[in-house]
């Protein structure tokens, strides 16, 4: 079956602009996660959605970052007023509740 | 979640077994051991997980010591396509736990012809 998909695969934006990154999880997966991976760094948790529960936003680095998940499926990660340090690969993962996570291919964001 | 310690890098000859160690000496009774890998320029891929019994699937085997303070991931016949960064992660299950993964630096496995 189809895996996790993300779009766009690459995004180049100017400093100060807003960007939206999209994640389509595996159908039926109730949990959705966003992570990011900066150049030469490990993977860093950002935010978690589970069903209708309040999201766990504990990993968001600043209030310029936000995410929503509409209808329990597609999720959008928004970064406002992008900075150069936001350049990274943004990864989305989904899972059944408490089960192993399946990752998408990521969106490579470059802020110039 | 408990912290894990892995060697930064390992080499393995193609066709031989790759044995990747992980220490998790502060693991608690309800924490599972998970292994993921990340091939260059791809998202992480789930490999296997276990609580206290040894586990095997089509990709690998997971051997967990009796005291659960360490584990070994075994790729029985490594191929060049197994070259990747391998992450050992411990996490809890159950309601109230987000299941977020805390990634360390992992082990870079280089499979050589």
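The values are calculated or read from the model by the stated rules, or taken from the named source; none is laboratory data. For clarity, every value in this text was computed on a predicted model and none was experimentally measured. All Cβ positions, glycine included, derive from the backbone under ideal geometry; neighbour counts span all protein chains shown.
Summary of computed values
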quantity	calculated
Considering residues of region A:96-107 that are at the interface with chain B (Cβ under 9 Å from one of its Cβ atoms) and either closer than 17 Å to residue A:14 by Cβ or surrounded by fewer than 19 Cβ atoms within 10 Å (Cβ to Cβ) (or both) only, the residue modelled with the highest pLDDT	A:105
Residue check, residue A:93 touching a residue at least 24 places away in the same chain (Cβ under 8 Å), surrounded by fewer than 17 Cβ atoms within 10 Å (Cβ to Cβ) and within 10 Å of chain B (Cβ to nearest Cβ)	no
Residue within region A:55-68 that is within 28 Å of residue B:48 (Cβ to Cβ), surrounded by fewer than 21 Cβ atoms within 10 Å (Cβ to Cβ), at pLDDT 95 or above and in contact with a strand residue (DSSP E or B) (Cβ under 7 Å, 6 or more places away or on another chain) present	no
Exclusive hit being over 18 Å from residue B:99 (Cα atoms) and assigned to a loop (DSSP other than H, G, I, E, B), set A:59, A:28, A:71, A:40	A:40
Candidates B:58, B:31, B:66, B:14 - the one that is crowded, with 16+ Cβ neighbours inside 10 Å and more than 13 Å from the chain's Cα centre (by Cα)	B:31
Subset of region A:31-54 [buried (at least 18 other Cβ atoms within 10 Å of the Cβ) and more than 8 Å from chain B (Cβ to nearest Cβ)]	A:32, A:34, A:36, A:37, A:46, A:47, A:49
Exclusive hit being under 18 Å from residue A:11 (Cβ atoms), part of a loop (DSSP other than H, G, I, E, B) and touching a residue at least 12 places away in the same chain (Cβ under 8 Å), set A:110, A:82, A:76	A:82
Within region B:55-100, strands (runs of 3 or more DSSP E) holding 3 or more residues that are without any contact (Cβ under 8 Å) to a residue 24 or more places away in the chain and more than 14 Å from residue B:34 (Cβ to Cβ)	none
Breaking point among (1) assigned to a loop (DSSP other than H, G, I, E, B); (2) more than 13 Å from chain A (Cβ to nearest Cβ), for residue B:43	(2)
Number of positions in region B:29-40 that are in contact with a strand residue (DSSP E or B) (Cβ under 8 Å, 6 or more places away or on another chain) and part of a loop (DSSP other than H, G, I, E, B)	3
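Yes/no matrix, rows are residues, columns are (1) over 19 Å from residue A:37 (Cα atoms); (2) away from chain A (no Cβ under 14 Å); (3) crowded, with 16+ Cβ neighbours inside 10 Å; (4) in contact with a strand residue (DSSP E or B) (Cβ under 6 Å, 6 or more places away or on another chain):
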site	(1), (2), (3), (4)
B:10	yes, yes, yes, yes
B:24	yes, yes, yes, yes
B:49	yes, no, yes, yes
B:78	yes, yes, yes, yes
B:88	no, no, yes, yes
B:92	yes, no, yes, yes
B:106	no, no, yes, yes
B:110	yes, yes, no, yes
